[in-house]
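The values are calculated or read from the model by the stated rules, or taken from the named source; none is laboratory data. The shown structure was predicted, so the numbers you read here are calculated from the model rather than taken from an experiment. A quick note on method: Cβ atoms are made from the backbone with ideal geometry, for glycine too, and the neighbour counts reach across all protein chains shown. SASA here: full protein model, heavy atoms, side chains in, ligands and nucleic acids out. Shrake-Rupley method; radii C 1.70, N 1.55, O 1.52, S 1.80 Å.
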Amino acid sequence: MREIVLDTETTGLDPKDGHRVLEIGAVEIVHQSLTGKVFHVLINPERDVPEEAVRVHGHSFALLKDKPVFASVVDDFLAFIGDSKLVIHNAEFDVRFVNSELARLGLATIAMDRVVDTLALARKKHPGAPNSLDALCDRYRIDRSRRVRHGALMDAEILVEVYCELTGGRQRALVFGEALGDAEALVIAAIPRSGPRPVRLFPVEDAEISDHLRHVESLGREAIWFRYLPQPAPA
């Protein structure tokens, strides 16, 4: 199953106050494994970036003024996410901002029913505990040392690991048949033995084996016992 793990950085907390998206980072996963495909862009927000926001992500307007505006990158963004499920931490925030940008251009917005909110997953799994991205990294021992400031792509990459932990741990699921898509199935073949295993149920005397062989011979030389019984030691 293809999913897109997504994060944004913005000029503020609410698009209703005129705040805009200034960075989008998105990572493709299939069956919760990274494919190496990413979408990352810095965006000219067409407005100033308050100092308090710069302290969070480090993106000033001076840095962003020569970057493309959202209208210039929206087609590539929508093509990358396609109709895949979106995995977002505190999804209401990011979806609200992305939808505000889409609405400005008269484009269809993203429905929440195609979004997995990892914050909601974390609150359900760890009620009453801190569930910020940093707190979840610490809980699951995920390295966040490079997360000195927020960054959309970096946070999306970290969220992949958090998402895997929240949905059952960092283990590859067993996938068979059509679910593999273009991936190759792992075929496990039985390896034939070079010979019969020795009988080790209990110790027996040669005389007992001879008595049993005489009984088996009365069943015919094709009796299965001849394949497994040890032969009596030479006299």
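Just a few scattered comments:
- The set of residues in the stretch 91-106 that are touching a helix residue (DSSP H, G or I) at 6+ places or on another chain (Cβ under 7 Å) and assigned to a loop (DSSP other than H, G, I, E, B) contains only 105.
- Checking each residue in the stretch 1-51 for being open to solvent by 30 Å² or more (accessible area, probe 1.4 Å), part of a strand (DSSP E or B), more than 18 Å from residue 67 (Cα to Cα) and touching a helix residue (DSSP H, G or I) at 6+ places or on another chain (Cβ under 7 Å) picks out 34, 38.
- Among the candidates 141, 214, 227, 221, the residue that is open to solvent by 80 Å² or more (accessible area, probe 1.4 Å), in contact with a Pro (Cβ under 8 Å, 6 or more places away or on another chain), modelled with pLDDT of 60 or more and over 30 Å from residue 98 (Cα atoms) is uniquely 227.
- Taking the stretch 56-78 as the range and being under 20 Å from residue 155 (Cβ atoms) and more than 30 Å from the chain's Cα centre (by Cα) as the test, the residues that pass are 60, 63, 64, 67.
- Residue tally, condition in contact with a Leu (Cβ under 8 Å, 6 or more places away or on another chain) and either at pLDDT below 95 or farther than 15 Å from residue 2 by Cα (or both), over the stretch 79-92: 3
- Selection of the stretch 57-76 for residues being surrounded by fewer than 14 Cβ atoms within 10 Å (Cβ to Cβ) and part of a helix (DSSP H, G or I) yields 62, 71, 72, 75, 76.
- A count restricted to the stretch 123-147 and to residues that are of a type outside the set (Phe, Trp, Tyr) and not in a helix (DSSP H, G or I) stands at 14.
- Residue 42 modelled with pLDDT of 95 or more, among the hydrophobic types (A, V, I, L, M, F, W, C) and out of contact with any Pro (no Cβ under 9 Å at 6 or more places or on another chain): no
- Qualifying residue in the stretch 83-101 (condition: open to solvent by 30 Å² or more (accessible area, probe 1.4 Å), among the aliphatic types (A, V, I, L, M) and more than 19 Å from residue 158 (Cβ to Cβ)): no
- Test: residue in the stretch 79-95 that is of a type outside the set (Ser, Thr, Tyr) and more than 25 Å from the chain's Cα centre (by Cα): no
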